[in-house]
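Peer 1: Sharing a structure below in structure tokens format, with a few things to ask.
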Amino acid sequence: MIESRPIPAPSAGRPPVGRLVDLLLPPRCLACGVVVDAAQALCATCWSRLRVLGEPLCDRCGQPFEVDLGGGMVCGGCLKRSPSWDRARAALAYDDASRSLILGFKHGDRTESTAAFAAWMARAAPELLADCEVVVPVPLHWTRLWARRYNQAALLALDLARLADRRYAPTVLRRVRRTRPMGRLGAADRRRALRGAIATGRGAVRTVAGRRVLLVDDVLTSGATAGACVAALRKAGATAVDVLTLARVVHPVR
Ligand SMILES: [Zn+2]
Ligand SMILES: [Zn+2]
């Protein structure tokens, strides 16, 4: 099955043509394309448009707080309904600026952004990377993989596993049922739509049982997809599951 095959590493073995071209052409901003000093970077203007997330934030979901109330604080949303994961972190707020960057990555073959995105994610959550033993991407259904040719979550997960020197396990989770785009659905409807859509692959128990797992995706919106993956990972025996995404929806302070 296509989905369960490891995504070839962009820098493993034979360097892809893109990397060779990088050596010949001046590096360009990943977002707007102006010439910049270093490869895998944004220009100052594009960088200033992004909202980089950091402390203080909710210890469980990573939602930023306006005021620093000390470490280990949990937001109202998580107090009301405890998330299924242990900790979630993201590098960026999901807004107009990060959305266009991510859409290019997702649908526009801009896979050269992977290294920069993974580095931002690693910087946003060094403790999550240090604590995990296995890195697992949120899976795409094979029909989507066919159309898009790569799973952006898997590219990020692979780079993160390399950075942290952890095991990359792309076949642990499988999307067994295709779900419709869930853009307009609320959190409860998203959870319902995902019921039974994500399962574990062969050998999943051997890979994750008794281990701490880092689940990787590009965006955390309602958390329904991540939640379905976390449930499957826990069922396979994972002792802890943290979630790391490139961007997350930031709610107004509650
Ligand atoms: Zn730019
Ligand atoms: Zn929270």
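Peer 1: May I ask which residue of Ile198, Cys46, Ala226 lies farthest towards the positive end of the charge dipole of the chain, with charges of +1 (Lys, Arg) and -1 (Asp, Glu) on Cβ and the Cα centre as origin?
Peer 2: Going by the Cα projections, it comes out as Ile198.
Peer 1: Now a separate question. Going by average Cβ density within 10 Å per residue, which order do the peptides 159-169, 29-39, 66-76 take, highest to lowest?
Peer 2: Top of the packing list down: 159-169, 29-39, 66-76.
Peer 1: Arranged by the count of other C-beta atoms within 10 angstrom, fewest first, what order do Lys235, Lys106 take?
Peer 2: Lys235, Lys106
Peer 1: Can you run phi through the Karplus equation (6.51, -1.76, 1.60; θ = phi - 60°) for region 65-70 and list ³J(HN,Hα) in whole Hz, with x for Gly and Pro?
Peer 2: 3J(HN,Hα) across region 65-70, in whole Hz: 9, 6, 10, 7, 9, x.
Peer 1: Sorting Ser48, Ser113 on the 10 Å Cβ count, fewest up front, what's the list?
Peer 2: Ser48, Ser113
Peer 1: Another one. Give, rounded to the nearest 20 debye, the magnitude of the charge dipole that the chain has about its Cα centre when Lys and Arg contribute +1 at Cβ and Asp and Glu contribute -1 at Cβ.
Peer 2: 1380
Peer 1: If a/c stays under 1.5 just call it rounded; otherwise compare a/b with b/c (prolate if a/b is bigger, oblate if not). Do that for region 99-254, with a ≥ b ≥ c from the square roots of the Cα gyration tensor eigenvalues.
Peer 2: rounded
Peer 1: Sticking with this one: Give me the number: length gained by fully extending Arg180 to Arg123, i.e. 0.36 nm times residue separation minus the C-alpha to C-alpha distance, one decimal in nm.
Peer 2: This chain segment gains 17.3 nm when fully extended.
Peer 1: If you average the C-alpha positions of region 179-254 and of region 73-109 separately, how far apart do those two centres end up, in angstrom?
Peer 2: Cα centroid of region 179-254 versus Cα centroid of region 73-109: 12 Å apart.
The numbers here are math on the coordinates, done by the rules we state, and not lab data. Keep in mind it's a predicted model, so treat the numbers as computed, not measured. Positions of Cβ are generated from backbone atoms using ideal geometry, with glycine treated the same way; all protein chains shown enter the neighbour counts.
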